[in-house]
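The values are calculated or read from the model by the stated rules, or taken from the named source; none is laboratory data. Note that the structure is a prediction, hence the values are computed from the model and not measured. A quick note on method: Cβ atoms are made from the backbone with ideal geometry, for glycine too, and the neighbour counts reach across all protein chains shown. Side chains included, ligands, DNA and RNA excluded: accessible areas come from the protein's heavy atoms. Shrake-Rupley method; radii C 1.70, N 1.55, O 1.52, S 1.80 Å.
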Amino acid sequence: MAKILISKENLFHNLELISNHAGSKEKVAVVLKDNAYGHGLLEIAKLASEFGIKKAVVRTLDEALIIKQFFDDILILSQRTFNTYSHTFHIALNSLEDINNLPMGCKVHIKVDTGMHRNGILPKELKEAILGLLKRNIIISGIFTHHRNADCLATDFFWQSSVFRQVKEDVKSICEELSLAIPSFHSCNSSALFRHNNFNEDFARVGIATYGYIENDSTFNLPNLKPVLSLWAKKISSRELKKGQCIGYGATYKVKEDMQVSTYDVGYGDGFLRLNENQDYSTPKGYKILGRVSMDSISLNSSDEEVCIFEDVRELAKLQNTISYEITTTLSKDIKRVVI
């Protein structure tokens, strides 16, 4: 069966670089949403906890419930209804309208829209949001935002940082007025964290860098991260093809000389998406994908019993005109993850 190998050594290498840049392990919240970017929610949660990370970020309550034993604090980004709740959970407030959907007495991180224009309340709505939460005995444990362009050499990053600095001052003023504890502040994803030379927020939400990638422009001084995930496939069958015979749907690949071809058990049904057969893709060992990717299989000029399909998704992402995130998060949850 196809499998995904997770390198503990590479993950710990990345977390060490991230923690050092942030200032400590306590200033890192590992982002585990969407099955830990395809790497395996439970597998990465256990490893991050073993490394010493105490904070995590997930998308849903279901994800939080799976990993709650491993972290002191878990921020849930996109849940609007709650049938159960834990004191370790912090819920993201994405709009004023959602205040009444929150459990009484829960902990909340208010998301502020500083320019992404996706989710979050407006800076001018801060006091209204805080007062509305207090009426429901909700604890305001954090204030955060998200950068829209931290990976590019553009002024957006500095402009949003300036807006968020003012948000911090406004929140502190409101908290003093209402005798409230000052919440934690956080704005940085992976790209934004490595734009800072002296990181000074309470923590950073680090997603893609955890897994060995960062999409920042090459002009930045980027860390030496190592990909954590590799995809492997097992041979189904082999055959000898003669010059002129064709392979797969559409007969798009014609054999140029007599050769051995094997079929391997991974395809677009597993999240290894179809390639444009006019573009060549070779595995790390140099085997070429021949013809179209099928739902459950691919053909390679190999006879190996097991083949690594990729160990660094950047080349594949470039061929498919996408980003590393999309390649890894598309991988099926049904593929077995093995920590090595």
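Under 6 Å between Cβ atoms, at least 6 apart or on separate chains: pull out the pairs that start in region 265-290 with a residue that is modelled with pLDDT of 95 or more and end on any residue that is open to solvent by 60 Å² or more (accessible area, probe 1.4 Å) and in a loop (DSSP other than H, G, I, E, B).
267/295; 267/296; 268/274; 268/295; 269/295; 269/296; 284/311
Taking the criterion of being open to solvent by less than 70 Å² (accessible area, probe 1.4 Å), over 19 Å from residue 191 (Cα atoms) and assigned by the TED database to the domain that holds residue 184, would at least one residue in region 160-167 satisfy it? First the steps, then the outcome.
First, the residues of region 160-167 that are open to solvent by less than 70 Å² (accessible area, probe 1.4 Å): 160-164, 167.
Narrowing further to those that are over 19 Å from residue 191 (Cα atoms): 167.
Still in the running and assigned by the TED database to the domain that holds residue 184: 167.
Yes, some residue in region 160-167 is open to solvent by less than 70 Å² (accessible area, probe 1.4 Å), over 19 Å from residue 191 (Cα atoms) and assigned by the TED database to the domain that holds residue 184.
Among the residues that make up region 189-201, is at least one of them among the polar types (S, T, N, Q), under 25 Å from the mean Cα position of the chain (by Cα), surrounded by fewer than 18 Cβ atoms within 10 Å (Cβ to Cβ) and closer than 21 Å to residue 122 by Cα? Before you say what the answer is, go through the steps one by one.
Within region 189-201, the subset among the polar types (S, T, N, Q) is 189-191, 197-198, 200.
Going one step further and asking which of them are under 25 Å from the mean Cα position of the chain (by Cα), we end up with 189-191, 197-198, 200.
This time we only want the ones that are surrounded by fewer than 18 Cβ atoms within 10 Å (Cβ to Cβ), so: 197-198, 200.
Checking which are closer than 21 Å to residue 122 by Cα leaves us with none.
Looking through region 189-201, none of the residues is among the polar types (S, T, N, Q), under 25 Å from the mean Cα position of the chain (by Cα), surrounded by fewer than 18 Cβ atoms within 10 Å (Cβ to Cβ) and closer than 21 Å to residue 122 by Cα.
Given 323, 327, 289, 340, which one is within 22 Å of residue 209 (Cβ to Cβ), open to solvent by 20 Å² or more (accessible area, probe 1.4 Å) and either assigned by the TED database to the domain that holds residue 151 or touching a Leu at 6+ places or on another chain (Cβ under 8 Å) (or both)? Outline the logic, then answer.
Values: 323 fails: either assigned by the TED database to the domain that holds residue 151 or touching a Leu at 6+ places or on another chain (Cβ under 8 Å) (or both); 327 fails: open to solvent by 20 Å² or more (accessible area, probe 1.4 Å); 289 fails: within 22 Å of residue 209 (Cβ to Cβ).
Result of the check over 323, 327, 289, 340: 340.
Under 6 Å between Cβ atoms, at least 6 apart or on separate chains: pull out the pairs that start in region 99-113 with a residue that is more than 20 Å from residue 74 (Cβ to Cβ) and end on any residue that is polar (S, T, N, Q).
Once the first residue is more than 20 Å from residue 74 (Cβ to Cβ) and sits in region 99-113, its partners that are polar (S, T, N, Q) give 112/145.
Does residue 312 satisfy the condition of being assigned to a loop (DSSP other than H, G, I, E, B) and free of Cβ contacts under 8 Å to residues at least 60 places away in the same chain? Lay out the reasoning, then the answer.
Numbers: assigned to a loop (DSSP other than H, G, I, E, B): yes; free of Cβ contacts under 8 Å to residues at least 60 places away in the same chain: no.
When the stated conditions are applied, residue 312 does not pass them.
Being more than 28 Å from residue 124 (Cβ to Cβ), touching a Lys or Arg at 6+ places or on another chain (Cβ under 6 Å) and not small (Gly, Ala, Ser) is the filter here, so list the residues in region 80-106 that pass it.
Correct list: 88 only.
Could you please give the count of residues in region 11-51 that are within 14 Å of residue 201 (Cα to Cα), in contact (Cβ under 8 Å) with a residue 12 or more places away in the chain and open to solvent by 10 Å² or more (accessible area, probe 1.4 Å)?
Of the residues in region 11-51, 5 are within 14 Å of residue 201 (Cα to Cα), in contact (Cβ under 8 Å) with a residue 12 or more places away in the chain and open to solvent by 10 Å² or more (accessible area, probe 1.4 Å).
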